[in-house]
Amino acid sequence: MPNILFDPTLRGLAETLTLTQRRHELLTSNLANVETPGFRARDLDFGSALREAFAVHRQGELGELDTPDEPHVSVVEDRSAPARADGNTVDLDLQMAKLTANGTRYLALARLLGMRIGLVRQAIDGGTR
Amino acid sequence: MDLNGTLGVSATALRAERLRLDVIASNLANANTTRTVEGGPYRRRNVVFATQALENDFASTLEAASDFASAPLAEERTQQGVAVTDVIDDTSPPRMVFDPGHPDANKEGYVAYPNVNPVAEMVDLMAATRAYEANVQAVNASRRMAEAALAIGG
């Protein structure tokens, strides 16, 4: 019988939320070092990180063993902007755009996760509330 | 790592940029200062930025205080703050202005004024302000995300 409380949707949302937060950490670090000479901008390879996170869970289901390990974070160098004269590759506008997009995605995912939990709660209550 | 750590990273940047603004303000204020404690005209000063790993966070403190080595805490640090490691003097020569009546004029009648270029300082000022604002935006984004995360179960 499938686990209703922790189904793939809920797990997927939680993993994506975690990875979005990781990406936010990287983007914040980039912005903090916008004037640091020689700093290379970094980003998260979101696609492969998410694939990896789901693979860990799929393995967990097959082996009847949940693996609580945090997924390996694939941090890559952000090569979308050329290096300045001081060797810094942080493009302020680009990083701000990424930060905003990533933050909005986080808010959307958090809302979705809340709705999903609300559905489970409604099922538990039997719709009496 | 968590959103608190992210706020810490942004805070290091805000502090560094504000120190940079302090130094720029000092340069502009002393653009015409011909006497200093060290003697001679004021020398333009410049900050040196370097990345700084966030060592003093909760996770590493807990790790140091406890015996168990847990994998998530030992993972690669994704967060890097910034710190002003040094404030150095600009060694370029002073601006020589012919003004024989000035009390600090040399034998030829030239006065050594600070090597401060107000235009360059203003450009630096704008860059520092924009970098500061960008990090304030990052703080706001982190705060909104933390609020959204807290509201998930509600």
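The values are calculated or read from the model by the stated rules, or taken from the named source; none is laboratory data. Since the model is a prediction, treat every value here as computed from it, not as a measurement. All Cβ positions, even for glycine, are placed from backbone atoms using ideal geometry, and neighbour counts span all protein chains on display. In case anyone asks, the SASA skips ligands and DNA or RNA and just uses the protein heavy atoms, side chains included. Shrake-Rupley method; radii C 1.70, N 1.55, O 1.52, S 1.80 Å.
Worth pointing out:
- Unique residue being open to solvent by 60 Å² or more (accessible area, probe 1.4 Å) and within 17 Å of residue A:13 (Cα to Cα) when the list is A:116, A:105: A:105
- Members of region A:103-128 that are at the interface with chain B (Cβ under 9 Å from one of its Cβ atoms), in contact (Cβ under 8 Å) with a residue 12 or more places away in the chain and closer than 20 Å to residue B:134 by Cβ: A:103, A:106
- Within region B:16-56, tally of residues that are touching a residue at least 60 places away in the same chain (Cβ under 8 Å) and either in contact with a Gly (Cβ under 9 Å, 6 or more places away or on another chain) or open to solvent by less than 50 Å² (accessible area, probe 1.4 Å) (or both): 15
- If you filter region A:86-102 down to residues that are in contact (Cβ under 8 Å) with a residue 12 or more places away in the chain and not in a loop (DSSP other than H, G, I, E, B), you find that the one that is nearest to residue B:49 (Cα to Cα) is A:92.
- Candidates are the residues of region B:125-154 that are surrounded by fewer than 16 Cβ atoms within 10 Å (Cβ to Cβ) and among the hydrophobic types (A, V, I, L, M, F, W, C); the one that is farthest from the other protein chains (Cβ to nearest Cβ) is B:126.
- Given (1) away from chain A (no Cβ under 14 Å); (2) touching a residue at least 40 places away in the same chain (Cβ under 8 Å), index of the condition residue B:108 fails: (2)
- For region B:112-124, the condition of being open to solvent by less than 30 Å² (accessible area, probe 1.4 Å), at pLDDT below 95 and within 13 Å of chain A (Cβ to nearest Cβ) holds for none of the residues.
- Selected residue [modelled with pLDDT of 95 or more, of a type in the set (Gly, Ala, Ser), out of contact with any strand residue (DSSP E or B) (no Cβ under 7 Å at 6 or more places or on another chain) and within 30 Å of residue B:141 (Cβ to Cβ)] from B:74, B:25, B:127, B:59: B:25
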